[in-house]
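All remarks here apply to the structure that follows.
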Amino acid sequence: MVKTIVWKDNQVVMIDQRKLPMRERYVVCKDYRSVIRAIKGLIIRGAPAIGVAAAMGVAVGALKIRTSNLDQFRAKLDAICRDMVTARPTAVNLAWAVERMKQVADQTSHRGVKEVKSRLVEEARKILEEDIAINRTMGRHGQRLLKDGSRVLTHCNAGALATGGYGTALGVVRAAVEAGKRIEVFADETRPFLQGARLTAWELKKSGIPVTVITDNSAGYFMQHGKVDAVIVGADRIAANGDVANKIGTYMVAVLARTHSVPFYVAAPVSTIDLSVKEGQDIPIEQRDQTEVTHFQGRRIAPQGVVAGNPAFDVTPHRYVSAIITEKGVITPPFKSRLKRLFL
Ligand code: MRU
């Protein structure tokens, strides 16, 4: 399976997701600033993958700090963590991973700078390995929701490329296929970055799982014609009440799914659940550059001077969500009490 991100020779190596599927090119980040640039520029994207990248970014940043004075080291490390958290605002996995790295630094500081550095590297690698294992467990739980012959619609890319490996929504599909079920996927192309057409289609094709790319505005057509048995998407942040922030357009798909009595599932690790946010309207939504909409592959497609809106995510109210698939099991409504129980 494709390696989304790896730690190699004290550097962070990631596949360049802007170039896929045309070119399989890897980007090497030698310092934490280049990791931040990679996250902002969507070289790496997808909530869990961003979390892994942020952790590795903190580790690579820590290795570059040239002092053996613990206080000075901590001041610099904390500044790196603060910068890292601002890379993208919606996916909570980023802040979650950075917080985990800070805790490791807190717990090992008494052993000196050298030891903190080596523990940070270890932790970043552990976050990557854990993420892959979590996705596999999530897949095992979630695949029970799919029947042999199910046709699954997904939005954006919540696959191996959006995670440490295997995937969340696509992990459920993979697990169903591994369990011997025949599964077909409809991949919304997902304007404007085309995560569905470029990334989901690429990785499913590579894995031999039948995939049909559809335009975002044809999801209703396929549901209306009885071609979709389930929707499975990932999440960037899930509020305490079960509202789900995910790639722009997810809300539209959820409303359509409800209208056509198609179950709408969200697959996400527990680290994507943010109990500090009560409801979806409190989740910060990233607004990206207009040129992602007005231009295509560097060429203008909208008239000169026209303004474009480009929210990167939307919030699906929990009433549209049939179940949330996590590594701790499949959670059905009422979400508020059941999500809280996951943290006890
Ligand atoms: O802007 P992106 O590509 O980072 O958005 C990604 C998504 O919205 C994914 O669906 C989400 O992060 C879940 S990935 C397992």
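Given region 131-238, what strands (runs of 3 or more DSSP E) lie entirely inside it while holding 2 or more residues that are touching a Phe, Trp or Tyr at 6+ places or on another chain (Cβ under 9 Å)?
By residue number, 151-154, 211-214, 230-233.
Given the conditions (1) of a type in the set (D, E, K, R); (2) away from the ligand (no atom under 13 Å from the Cβ); (3) surrounded by 13 or more Cβ atoms within 10 Å (Cβ to Cβ), report the number of the one that ARG299 does not fulfil.
The single condition ARG299 does not satisfy is (3).
Right, THR212: surrounded by 19 or more Cβ atoms within 10 Å (Cβ to Cβ), outside the structural domain of ASP16 (by TED's automatic domain parsing) and hydroxyl-bearing (Ser, Thr, Tyr) or not?
No; evaluated as a whole, the condition is false for this residue.
Restricting to region 292-340, name every residue that is free of Cβ contacts under 8 Å to residues at least 60 places away in the same chain, under 25 Å from LYS19 (Cα atoms) and within 23 Å of the chain's Cα centre (by Cα).
Within region 292-340, GLY309 is the sole residue that qualifies.
Among the residues of region 59-81, is there at least one that is at pLDDT 95 or above, crowded, with 23+ Cβ neighbours inside 10 Å and within 21 Å of ASP236 (Cα to Cα)?
Scanning region 59-81 turns up no residue that is at pLDDT 95 or above, crowded, with 23+ Cβ neighbours inside 10 Å and within 21 Å of ASP236 (Cα to Cα).
Let me spell it out: the conditions are (1) aliphatic (A, V, I, L, M); (2) part of a helix (DSSP H, G or I); (3) within 15 Å of the ligand (Cβ to nearest atom); (4) buried (at least 24 other Cβ atoms within 10 Å of the Cβ), and ALA95 meets all of them except one. Which number is the exception?
(4)
Tell me, which residue of region 272-287 that is more than 25 Å from LEU153 (Cβ to Cβ) and within 14 Å of the ligand (Cβ to nearest atom) is surrounded by the most Cβ atoms within 10 Å (Cβ to Cβ)?
Within region 272-287, the subset more than 25 Å from LEU153 (Cβ to Cβ) is 274-279, 281-282, 284, 287.
Adding the requirement that they be within 14 Å of the ligand (Cβ to nearest atom) leaves 274, 284, 287.
Details: ASP274: 20, PRO284: 13, GLN287: 12.
Among them, the one singled out is ASP274.
Could you list, in sequence order, all residues of region 264-278 that are out of contact with any Phe, Trp or Tyr (no Cβ under 9 Å at 6 or more places or on another chain), closer than 29 Å to ASP229 by Cα and either part of a loop (DSSP other than H, G, I, E, B) or of a type in the set (S, T, N, Q) (or both)?
ALA268, PRO269
So in region 158-208, with the set limited to residues that are basic (Lys, Arg) and away from the ligand (no atom under 15 Å from the Cβ), which one is surrounded by the most Cβ atoms within 10 Å (Cβ to Cβ)?
Only one residue fits best here, namely LYS181.
Are there any pairs, at least 6 apart or on different chains, whose C-beta atoms fall under 8 Å, with the first in region 157-181 and under 19 Å from ALA235 (Cα atoms) and charged (D, E, K, R) and the second assigned to a strand (DSSP E or B) and near the ligand (Cβ under 7 Å from one of its atoms), and if so, which?
ARG174/GLY167
Considering every residue within region 246-269, establish whether at least one is touching a residue at least 12 places away in the same chain (Cβ under 8 Å), touching a Leu at 6+ places or on another chain (Cβ under 8 Å) and surrounded by fewer than 20 Cβ atoms within 10 Å (Cβ to Cβ).
Checked region 246-269: at least one residue is touching a residue at least 12 places away in the same chain (Cβ under 8 Å), touching a Leu at 6+ places or on another chain (Cβ under 8 Å) and surrounded by fewer than 20 Cβ atoms within 10 Å (Cβ to Cβ).
In this structure, is ARG119 surrounded by fewer than 23 Cβ atoms within 10 Å (Cβ to Cβ) and in contact with a Ser or Thr (Cβ under 6 Å, 6 or more places away or on another chain)?
Yes, satisfied.
One line per residue, one yes/no per condition, for (1) assigned by TED's automatic domain parsing to the domain that holds ASN246; (2) under 17 Å from the mean Cα position of the chain (by Cα); (3) assigned to a loop (DSSP other than H, G, I, E, B); (4) aromatic (Phe, Trp, Tyr):
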{"site": "VAL12", "(1), (2), (3), (4)": "no, no, no, no"}
{"site": "VAL35", "(1), (2), (3), (4)": "no, yes, no, no"}
{"site": "ILE43", "(1), (2), (3), (4)": "no, yes, yes, no"}
{"site": "ALA54", "(1), (2), (3), (4)": "no, yes, no, no"}
{"site": "PRO89", "(1), (2), (3), (4)": "no, yes, yes, no"}
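For region 56-72, which positions are within 16 Å of the ligand (Cβ to nearest atom) and either touching a residue at least 60 places away in the same chain (Cβ under 8 Å) or at positive phi (or both)?
Initially, region 56-72 is screened for residues within 16 Å of the ligand (Cβ to nearest atom), giving 57.
Passing the criteria: none in range.
Exactly one condition in (1) hydrophobic (A, V, I, L, M, F, W, C); (2) surrounded by 12 or more Cβ atoms within 10 Å (Cβ to Cβ); (3) touching a residue at least 12 places away in the same chain (Cβ under 8 Å) is false for PHE343; which is it?
(2)
Just the residues that are out of contact with any His (no Cβ under 8 Å at 6 or more places or on another chain) and part of a strand (DSSP E or B), please, taken from region 240-263.
Of everything in region 240-263, just one residue is out of contact with any His (no Cβ under 8 Å at 6 or more places or on another chain) and part of a strand (DSSP E or B), namely ALA245.
The values are calculated or read from the model by the stated rules, or taken from the named source; none is laboratory data. These numbers were taken from a predicted model, which means no experiment stands behind them. Methodologically, a virtual Cβ is constructed for each residue, glycine included, from the backbone with ideal geometry; neighbour enumeration extends over all protein chains shown.
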